[in-house]
Amino acid sequence: MQLGNELDERKRIILKAIIQTYLETGEPVGSRTISKYTDLNLSSATIRNEMSDLEELGYIIQPYTSAGRIPSDAGYRLYVDELMKEKEKEVSEIKELMIEKTDKMEKVLKQVVKILASNTNYATMITGPTYHRNKLKFIQLSKVGEMQLLAVVVAEGNLVKNQIINLQEPMDEETVLKLNLLLNTQLNGLSIEEINLKMISRMKEQAGIHSDVVGSVVDAVAKAIATDDEEMEIYTSGATNIFKYPELADTSKASELISAFEEKQELAEFVKDTMESSENGEKGTGIQVYIGNESPVKTMQDCSVVTATYDLGGGMQGTIGIIGPKRMDYENVVDNLKTLKNQLDHIFKKT
């Protein structure tokens with residue numbers, strides 16, 4: 001008979017609760033403790049009976065008289081085998097979601113952040129991918145009226161921005177063509193950091209009486225290829241996990257942290273900062289660790305924050321973040337982040 005086949009759902013839940021509690025505390029686990037940690041709504045007496053059955057079946061043992069129970073080798077084996085099945089199912093679910101790609105992006109990210117919170121027991125966040133350090137692909141100016149131009153700006157990733165430009169002087173088609181040639185020759189392939197004042201001044205000089213058009217187009221280019229924090233989607237999960245840690249459960253600290261998760265503006269500022277500094281992080285992973293006062297966000301300065309940058313190519317990047325106490329399990333957190341980051345990188349680039 002396969003290990004665990006003789007266990008009903010109730011026994012499985014109680015065994016899992018015993019093992020998880022023992023892993024956390026290192027102390028034998030009693031029925032009263034289990035009654036607090038399960039949703040079975042069973043009395044201590046009923047739980048004691050179930051624990052006796054589990055002991056007879058060899059999944060838990062009583063180290064000494066009048067003590068609680070601890071897992072046996074068979075109990076650990078069943079727990080690990082079922083845990084591995086759960087994890088494989090989660091990974092499979094994530095991959096299936098990711099294959100749907102763009103139209104399912106929101107669903108994917110919400111699922112990822114939920115699983116991450118469950119796996120780590122910390123507060124978690126993930127941003128939707130945004131365009132970073134984009135380069136300009138081309139500009140198209142066209143007349144839409146006697147005194148108006150439409151500027152269509154296309155950046156890497158085929159991100160398109162349109163802007164109406166009001167003219168001070170009428171412009172014929174030949175002049176529009178010359179401006180198109182001037183702007184595309186000078187600006188195509190450049191990032192916003194590479195477009196300097198000297199370059200803009202030179203183009204304005206060449207544009208003559210239409211120099212103001214150059215300024216308006218450069219503004220449109222900046223909007224198209226710069227990161228827009230207001231458009232950043234941030235998904236969060238596990239904020240209430242904060243209450244599990246006494247050093248963070250103080251009413252004022254916890255409320256500030258949870259407020260930051262709800263408002264999301266501070267998270268957006270934090271993400272922008274991590275994106276700018278990610279190149280200096282752990283080589284090959286894009287992982288950053290902020291401990292206490294190293295965090296640029298005041299409400300998180302009693303915490304540790306670990307982030308990873310995922311890269312979907314074409315200038316599209318996002319941030320995965322885990323927020324917990326300074327005594328967080330860094331190894332587990334980094335492992336989880338590396339796994340999710342690699343899955344996001346690989347699956348989205350592949351499909």
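Please verify whether Thr130 is modelled with pLDDT of 80 or more and surrounded by 13 or more Cβ atoms within 10 Å (Cβ to Cβ), treating the condition exactly as stated.
No.
For region 229-247, which positions are under 30 Å from Thr130 (Cβ atoms), at pLDDT below 85 and not in a helix (DSSP H, G or I)?
Those that are under 30 Å from Thr130 (Cβ atoms), at pLDDT below 85 and not in a helix (DSSP H, G or I): Met232, Glu233.
Within region 12-70, track down each residue that is among the aromatic types (Phe, Trp, Tyr) and either farther than 19 Å from Val80 by Cα or part of a helix (DSSP H, G or I) (or both).
Matches in region 12-70: Tyr22, Tyr37, Tyr64.
Name the residue that is modelled with the highest pLDDT, counting only residues in region 60-100 that are touching a strand residue (DSSP E or B) at 6+ places or on another chain (Cβ under 8 Å) and more than 19 Å from Leu7 (Cβ to Cβ).
In this case the residue turns out to be Gly68.
Collect the residues in region 210-228 that are within 23 Å of the chain's Cα centre (by Cα) and either at pLDDT 80 or above or surrounded by 14 or more Cβ atoms within 10 Å (Cβ to Cβ) (or both), keeping them in residue-number order.
Across region 210-228, the qualifying residues are Ile225, Ala226, Thr227.
Going through region 250-259 one residue at a time, which ones are in a loop (DSSP other than H, G, I, E, B) and buried (at least 18 other Cβ atoms within 10 Å of the Cβ)?
Scanning region 250-259 gives no hits.
From the list Glu262, Glu331, pick out the single residue that is surrounded by fewer than 22 Cβ atoms within 10 Å (Cβ to Cβ), at pLDDT below 80 and more than 30 Å from Lys137 (Cβ to Cβ).
The unique qualifying residue is Glu262.
Within region 168-204, restricting attention to residues that are outside any loop (DSSP other than H, G, I, E, B) and in contact with a strand residue (DSSP E or B) (Cβ under 8 Å, 6 or more places away or on another chain), which residue is surrounded by the most Cβ atoms within 10 Å (Cβ to Cβ)?
Filtering region 168-204 for residues that are outside any loop (DSSP other than H, G, I, E, B) and in contact with a strand residue (DSSP E or B) (Cβ under 8 Å, 6 or more places away or on another chain), the one surrounded by the most Cβ atoms within 10 Å (Cβ to Cβ) comes out as Leu183.
Of the numbered conditions (1) modelled with pLDDT of 85 or more; (2) surrounded by fewer than 22 Cβ atoms within 10 Å (Cβ to Cβ); (3) of a type in the set (Gly, Ala, Ser); (4) within 13 Å of Val334 (Cβ to Cβ), Gly284 fails exactly one; give the number of that condition.
(1)
On the phi > 0 side of the Ramachandran plot and among the small types (Gly, Ala, Ser): is that true of Gly128 in this structure?
no
The values are calculated or read from the model by the stated rules, or taken from the named source; none is laboratory data. Computed from a predicted model, the values in this text were never measured in an experiment. We place every Cβ from the backbone using ideal geometry, glycine too, and count neighbours over all the protein chains shown.
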